[in-house]
Amino acid sequence: MFAIDSKGMIHAGPLPKQYGADFLVLREGDGVYLKDAAGKSYLDFGSGIAVNALGHGREDLARVAADQMRRLVHSSNLYVTEPALELAAKLLRSGPFGAVHFGNSGTEANEAALKYARLYAHRTRGEGCFKLLSFSHAFHGRTLGALSVTPNPAYRTPFEPLLPGTETLPYNDEAALEKTLDRSFAGIIVETLQGEGGLKAMTPSFAAALNRLCRAHDIILIADEVQTGLGRTGAVYSSFALGLEPDIITLAKPLAGGLPLSATLIPGKINDLLKTGDHGSTFGGGPVTTAVASHLWDIITDGEFLAEVRRKGEVLARALGGLAETHSSGPLRVGEVRGRGMLRGLEILAPEDRTPGVMKAILAAAQERGLLLLRSGTNVVRIAPPLVIGDGDLLTGVGILGEALGEVFTGEL
Ligand code: PLP
């Protein structure tokens, strides 16, 4: 066993160095609080990277999973199970979709989407129409296909050359879109709010341009809702709320309450072209994950639940606005408050060479005070609490973040 120190940390543990050397060892969770292996409590403003939408220690999720595990754990894609059928029916009713492909992670959901887009272009237009477009600061996953549409050089460079036929345009640049697109593009993949890329939001006019140009050139429009979907921004789908009309939606993170499950929702016009063996997954859409997801779906698609997320999102945004005002001047300061619903970001402005150190110090100072936060891009503190958080805990967390900012900003001057 690896030694856990008095702060609940292990150093130089068994995981690959890509994750860094020092890890907080978490042991259990209850509601919006987590406890480490040394017994210290943390308010969770990260939800395991926007996953635990309903918080921790949920008896209802545990019961659904345990009941299903006793009945049947796995079936493979040679068969189908009732929980998968029930979830699929709910997902298909949520928009103009003809079928759902289940996988296990966000990157797999996007891999499937990119393959379906290429397959559609290939089977309707023939060879040569395979280009895939994504946007600056996008994040679509770490497998080689999804990485090929993720422009961040830090993630890509050691793995190049990646997929041929991928291009990147500036996010929200309608003129560039208009100039570039033609029928040689099979698909466009886009986030409505860039969860990993600094929380920049898609403008409604960019959404309208995407709708229009994808229709004009018969390009498959893929909305990556892995992070924004399923209530996180106060809507079932952030893209629909913005007026984006995607052909495909990809979902993962919160879908099965913390268990690995993804869904790629495809239109009838793609489903009609598919032949046996075109794509597949051994584990995707198993009965346990889909049973839990079906239960979670009923909770988070409820109108009152979503209205509460939007209301609490405004409470959070106002409180963060207060921090921005307090820390609006000096060499280290707060810039924009970004995001929607319960996915918010606080831009940290610092000289470029000091930014990584300042960001690390803010997250560490918050953690020391019992608050777990995320980062987005290079200089944005990302806040993605469980959607069930109450106003009191939200304000407590923002208060702790304020103390952490104060400590780091004054310490650095
Ligand atoms: N797409 C988006 C928008 C994401 O935020 C992420 C993960 O952060 C992914 C895809 C990849 O998901 P996963 O890590 O489950 O493969």
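So the values come out like this:
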| quantity | calculated |
| --- | --- |
| Counted residues, the stretch 52-83 - those being closer than 14 Å to Gly285 by Cα and of a type in the set (Gly, Ala, Ser) | 3 |
| Sole residue being surrounded by fewer than 18 Cβ atoms within 10 Å (Cβ to Cβ), on the phi < 0 side of the Ramachandran plot, assigned by TED's automatic domain parsing to the domain that holds Leu374 and at pLDDT 95 or above, chosen from Lys35, Lys17 | Lys35 |
| Extreme residue, farthest from Leu144 (Cα to Cα), among residues of the stretch 87-130 that are within 16 Å of the ligand (Cβ to nearest atom) and part of a loop (DSSP other than H, G, I, E, B) | Asn104 |
| Candidate set: the stretch 352-396, residues that are within 17 Å of Ala319 (Cα to Cα) and of a type in the set (Val, Ile, Thr); chosen: the one surrounded by the most Cβ atoms within 10 Å (Cβ to Cβ) | Ile383 |
| Qualifying residue in the stretch 106-129 (condition: touching a residue at least 12 places away in the same chain (Cβ under 8 Å) and touching a Pro at 6+ places or on another chain (Cβ under 7 Å)) | no |
| All helices (runs of 4 or more DSSP H) inside the stretch 148-231 with 2 or more residues being within 16 Å of the ligand (Cβ to nearest atom) and under 24 Å from the mean Cα position of the chain (by Cα) | 153-156 |
| The stretch 248-260, subset within 11 Å of the ligand (Cβ to nearest atom) and closer than 15 Å to Ala113 by Cα, residue surrounded by the most Cβ atoms within 10 Å (Cβ to Cβ) | Thr250 |
| Options Leu349, Leu296, Leu306, Leu332: the member that is surrounded by 21 or more Cβ atoms within 10 Å (Cβ to Cβ) and out of contact with any helix residue (DSSP H, G or I) (no Cβ under 6 Å at 6 or more places or on another chain) | Leu296 |
| Any pair with Cβ under 9 angstrom, 6 or more apart, that starts in the stretch 282-309 at a residue that is among the acidic types (Asp, Glu) and ends at one that is part of a helix (DSSP H, G or I) | Asp298/Lys90 |
| Enumeration of residues in the stretch 131-147 that are away from the ligand (no atom under 13 Å from the Cβ) and either in a strand (DSSP E or B) or not assigned by TED's automatic domain parsing to the domain that holds Ile222 (or both) | Lys131, Leu132, Leu133 |
| Residue list for the stretch 326-359, filter: basic (Lys, Arg) and out of contact with any strand residue (DSSP E or B) (no Cβ under 9 Å at 6 or more places or on another chain) | Arg354 |
| Residue pairs meeting the criteria (Cβ under 8 Å; at least 6 apart or on separate chains; first under 11 Å from Leu132 (Cβ atoms) and touching a residue at least 40 places away in the same chain (Cβ under 8 Å), in the stretch 181-203; second basic (Lys, Arg) and in a loop (DSSP other than H, G, I, E, B)) | none |
| Test: residue in the stretch 237-247 that is away from the ligand (no atom under 14 Å from the Cβ), surrounded by 24 or more Cβ atoms within 10 Å (Cβ to Cβ), in a loop (DSSP other than H, G, I, E, B) and charged (D, E, K, R) | yes |
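Table: residues versus (1) within 20 Å of the chain's Cα centre (by Cα); (2) assigned to a loop (DSSP other than H, G, I, E, B); (3) at pLDDT below 95.
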| site | (1), (2), (3) |
| --- | --- |
| Leu273 | no, yes, no |
| Ala324 | no, no, no |
| Gly330 | no, yes, yes |
| Glu336 | no, no, no |
| Ile362 | no, no, no |
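The values are calculated or read from the model by the stated rules, or taken from the named source; none is laboratory data. These figures come from a predicted structure and were not determined experimentally. Don't worry about glycine lacking a Cβ; one is built from the backbone with ideal geometry, like all the others, and counts go over all protein chains shown.
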